[in-house]
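First comes the structure, then the notes that go with it.
The values are calculated or read from the model by the stated rules, or taken from the named source; none is laboratory data. Because the structure is a prediction, the values reported are computed rather than measured. Reconstructed Cβ throughout: ideal geometry from the backbone, glycine too, with neighbour counts over all protein chains shown.
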Amino acid sequence: MAEIPKAYDPAQFENAIYEEWLAKGIFVGDPSSKKKPFSVVIPPPNVTDVLHLGHALNNTLQDVLIRWKRMQGFETEWLPGVDHAGIATQVVVEKNLAREGLSRHDLGREKFVARVWKWKEEKFPQIINQLRKIGCSCDWSRTRFTMDEGLSRAVTEVFVRLYNKGLIYRGERIVNWCPDCLTTLSDDEVEREEVDSFLYYIRYKLKGRDEYLAVATTRPETMLGDTALAVNPEDERYKQYIGQTAILPILDRQLRIIADNYVDPQFGTGVVKITPAHDPNDFEVAQRHNLEKINILNRDGTLNDNAGKYSGLDRLDARQKLVEELKQKGYLLKIENYQLISGTCYRCGAVVEPFLSLQWFVKMKPLAEPAIAAVRSGKLRFHPEHWVKTYLHWLENVRDWCISRQLWWGHRIPVYYCRDCNQITVAGARPSTCPGCGGGHIDQDEDVLDTWFSSWLWPFSTFGWPDKTPELEKFFPTRALFTASEIIYLWVARMVMASYEFMGVEPFSDVYIHGTVRDANGIKMSKSLGNGIDPLLIIKNYGADALRASLMLVTPEGQDPSISEKTFEIGRNFANKLWSASRFVRMNLGDYKIRADMKLDDESLEMPDRWILSRLTRTLGLINNYLSGFRFSTAAKAAYDFAWNDYCSNYLEMIKPRLADKRDAAAGSAQVARECASFVLLSILKMLHPFMPFITEAIWKLLLEDQAQSSISTQPWPEMPLRYINQQLEEDVGTIIRLAEAVRAACSDLDVPPSKKPRVLVRCENPDTARMLNDHKEEVKNLAHSGEVLASIEMAKPPLSASAVIPGAEIFIPLEGLIDIEQERARLEKELEQKRAYLEKIQKKLNNSDFMANAPAEIIETEKEKLKKTDQIIEKLNKNLESLTGW
RNA sequence: GGGCAAUUAGCUCAGCUGGUUAGAGCGUUCGGUUCACAUCCGAGAGGUCACAGGUUCAAGUCCUGUAUUGCCCACCA
């Protein structure tokens, strides 16, 4: 019989095991299966770059759930894929081009897009490979990309449908403009930060009068686009000026002075310059008052001809020069320091400019309603629950979604313009002739769609929508979505909206929001900071299971995990423990062969066997509960504790002699121990498999030589009938464990070397305990690292012995010649002191008449019981202490 | 300016619906080459549960306020 190799070396087996899973087709979901479906779609990673630790966390969580459900007998489908990530990818590729001294304009649209595709062809397989290394059980036969043919068709279909329904419109609006990326940004793509800036006070002369009105502004250069001044209609200071005309300094443009409630009299001077083309508020004011909108910016952030002599300058340079001129000509009153909230491009960091342009929008209010109702009615749940507030806040205040982007990488907007008659056609395919005039001069809209316009369809477009496919039928709606909180608005809420609009149902029932991975200093891991950890490096150094188990064990539910490379030792050590324990069981099997479907003969089980089965049954119940409630970390810890403490430290230690006993007389007992140890080990492998798929599969194969063809991945999830839970047994073994601990502690305190193997005498309070201990001397000896054990109700304390008290029993360890009286006295006194403090605490409680009057009877009873027991223990400690005097 | 979360041992975190002497891992101290595992085993030290009030017989756990940290949202020029 082959033994399990001594060293746990994950690199030896991980790749081969993954290949085998693939070859067996275990991960492929079958739409024609009769089993109940359980599906998850991956949050498609951006094709911008390879995966980081955050992805490892995100995907491990999904894999744990999917593997658990697969073992539970569901038809599972975990659909993988990658996102084209519009602006993000375009920017990355442009930066790459820049190193060759080229811009995208040097290449032209077609060649540039080809270049991005090339990037995608490179990164895509790398990302897939990483997911495989991590062990993700994705259905690779259904891998999708947001710009592949099918998904592009879905995008066009959705655009056309929404347009025809009146939910997509084209309009002139103030949008966020990135002068470096040369595109519109949605509000969600603009990052806001406080910056130290200035508030400039400028005076505007009134027409035909020698009076001035002072105006405060943070962006003085925008005055070149002013078309009015505004005051609050209730502001007594300025009422008299309403309807008059002011003169714009430098350009001498005539500005109406209007009244609008938007103006806050408390802020600045109470007079606001109105620049309709470059401020969203001013735009609104201009609409109300029918003001002219003068655009002073070019797309690249330089000023245009409307700026007069400042034309051609960058807006920030122009600001300096203009302020200088205002100062010289006496228009500048003062400059104050001011904390400004500045918007910057989330991709390139450039200062975003409010910019008047013609864009495509989605009307969001009607789409938001069912998405709000879904959460209110409980059809859609968040874990942790508090995220519903974030979700609802956004949906309830949702604004129309600007979906056009002036980029080259993305889905082209399916809108066609006739050069001859200006007719607009929105269609799935380019019309050959204009439906309006029959002419053939047709241009497609130059812009592409926001990247989220494809990802909001992800849960159903990936299954073939708009076609009615068997996959869609079987696996949609999906069950759970795993993501970080940053994209609750950008993605999660929009998926819910799209699903209700096009599928009439929510896309998933549970949203699990996990934290963001931070480094040991609590700083968010990011590429730019260089504090990231490469998952592949961790896999190389520690193994994929160590990576996964560590992430699961240390990631607090719903909070950010702090992770350093050392974190992965936890998982690695645990994997090693599991390996070693399996090896130990394996080497003691003799001729016994484990079968995957092995059953236990309950009748022949001995006490430790029945105990570990009781513990196993409880643990499985806990894990099922935790996983059902998306409490992954708690579930992982329960499995970890059971495997390490109950199974390795206590059970295996207790049965060691039985396992190793080769005498004929012990054959039966030894065989039962082998069977039970094997059975529980198999259960441990199964319960750990979702968390640590590789090592559990590897050990599975080593243990089940004859059935090496089977995979643990498709084994049924372990289930234990509740009758295996045995409270009395757990208490008895609890007594044994406490006894052993007391012996070990005494020996350690008194510097008795373990090799000494001292005898242990136990004076029990009742005969049952004594009988139980005498019946299980071997177990006690093994756990206590002691010599002979003898228990009775009238055990005499031998002279010169160490003593200890546990509930229900006193322990004496004869140590003739070894014991240091003073040491032992000190031990007992310390113990006594602790018990006295405890006693005092209980007494205080019981002396409180309010407590006695109000607390439930059972609580009072347990307190009284505690008092009694502690009192007895103190008495025994005192006696044992006294017995030390005179030596 | 709003909202959300967090604050428990040196570090990272458990502690569910209030009631056994507040736990784990790492680190630390001491002791161990017992033939599964030194990626291990055993023992110990280490906590006024951020602060201040309150509810209660009883609060780490519930309420209010404060402080600190982090995140999200926000068109006051």
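Here are some notes:
- The numbered conditions (1) at pLDDT 95 or above; (2) within 16 Å of RNA strand B (Cβ to nearest atom) are all true for A:M1 except (1).
- Residue that is surrounded by the fewest Cβ atoms within 10 Å (Cβ to Cβ) [pool: residues in the stretch A:347-357 that are of a type outside the set (V, I, T) and outside any strand (DSSP E or B)]: A:G349
- Evaluating A:Y626 against the criteria (1) in a helix (DSSP H, G or I); (2) crowded, with 17+ Cβ neighbours inside 10 Å; (3) touching a residue at least 24 places away in the same chain (Cβ under 8 Å) leaves one unmet condition, (3).
- Odd one out for A:G522, checked against (1) among the small types (G, A, S); (2) in a loop (DSSP other than H, G, I, E, B); (3) crowded, with 23+ Cβ neighbours inside 10 Å: (3)
So that you can scan it fast, the table gives a plain yes or no per residue for (1) of a type in the set (S, T, N, Q); (2) buried (at least 19 other Cβ atoms within 10 Å of the Cβ); (3) within 16 Å of RNA strand B (Cβ to nearest atom); (4) within 29 Å of the chain's Cα centre (by Cα):
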{"residue": "A:V398", "(1), (2), (3), (4)": "no, yes, yes, yes"}
{"residue": "A:L407", "(1), (2), (3), (4)": "no, yes, no, no"}
{"residue": "A:T433", "(1), (2), (3), (4)": "yes, no, no, no"}
{"residue": "A:F453", "(1), (2), (3), (4)": "no, yes, no, yes"}
{"residue": "A:T469", "(1), (2), (3), (4)": "yes, no, no, no"}
{"residue": "A:L481", "(1), (2), (3), (4)": "no, yes, no, yes"}
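- Strands (runs of 3 or more DSSP E) enclosed by the stretch A:767-844 - at least 2 residues per element that are closer than 22 Å to A:D751 by Cβ: A:801-806, A:809-814
- Some residue of the stretch A:301-319 being within 16 Å of RNA strand B (Cβ to nearest atom), modelled with pLDDT under 85, within 29 Å of A:I87 (Cβ to Cβ) and not in a loop (DSSP other than H, G, I, E, B): no
- Cβ-Cβ under 6 Å pairs, at least 6 apart or on other chains, the stretch A:515-543 side away from RNA strand B (no atom under 15 Å from the Cβ), far side outside any loop (DSSP other than H, G, I, E, B) and not acidic (D, E): A:P535/A:L53; A:P535/A:A56
- Count of the stretch A:272-309 residues which are out of contact with any helix residue (DSSP H, G or I) (no Cβ under 9 Å at 6 or more places or on another chain), over 14 Å from A:L229 (Cβ atoms) and in contact (Cβ under 8 Å) with a residue 40 or more places away in the chain: 4
- Qualifying residue in the stretch A:438-461 (condition: outside any loop (DSSP other than H, G, I, E, B), polar (S, T, N, Q) and closer than 30 Å to A:K34 by Cβ): yes
- Residue check for A:S678: within 12 Å of RNA strand B (Cβ to nearest atom) and either buried (at least 20 other Cβ atoms within 10 Å of the Cβ) or closer than 21 Å to A:L613 by Cβ (or both): no
- Of all residues making up the stretch A:254-273, the number that are more than 19 Å from A:L333 (Cβ to Cβ), more than 11 Å from RNA strand B (Cβ to nearest atom) and not β-branched (V, I, T): 3
- Within the stretch A:648-668, tally of residues that are at pLDDT below 85 and within 13 Å of A:N588 (Cα to Cα): 4
- First in the stretch A:640-655 and at negative phi, second anywhere and assigned to a helix (DSSP H, G or I) and of a type in the set (V, I, T), Cβ under 6 Å, 6 or more apart: A:F642/A:T619; A:A643/A:I684; A:Y651/A:I612
- Flag for A:T344 being of a type in the set (V, I, T), part of a loop (DSSP other than H, G, I, E, B) and out of contact with any Pro (no Cβ under 9 Å at 6 or more places or on another chain): no
- Yes/no for A:E336 being among the acidic types (D, E), in contact (Cβ under 8 Å) with a residue 24 or more places away in the chain, assigned to a loop (DSSP other than H, G, I, E, B) and surrounded by fewer than 21 Cβ atoms within 10 Å (Cβ to Cβ): no
- When A:R104 is tested against (1) surrounded by 13 or more Cβ atoms within 10 Å (Cβ to Cβ); (2) modelled with pLDDT of 90 or more; (3) not hydrophobic (A, V, I, L, M, F, W, C), only condition (2) is not met.
- Some residue of the stretch A:725-741 being closer than 24 Å to A:I612 by Cα, touching a strand residue (DSSP E or B) at 6+ places or on another chain (Cβ under 8 Å) and either among the aliphatic types (A, V, I, L, M) or assigned to a loop (DSSP other than H, G, I, E, B) (or both): yes
- The combined condition, being in contact with a Pro (Cβ under 9 Å, 6 or more places away or on another chain) and among the acidic types (D, E), is not fulfilled by A:D210.
- Scoring A:L380 on the criteria (1) of a type in the set (A, V, I, L, M); (2) under 24 Å from A:I87 (Cα atoms); (3) at pLDDT 90 or above leaves a single failure, condition (2).
- Just one of the listed residues (A:L229, A:L251) is within 23 Å of A:E353 (Cα to Cα) and more than 13 Å from RNA strand B (Cβ to nearest atom), and it is A:L251.
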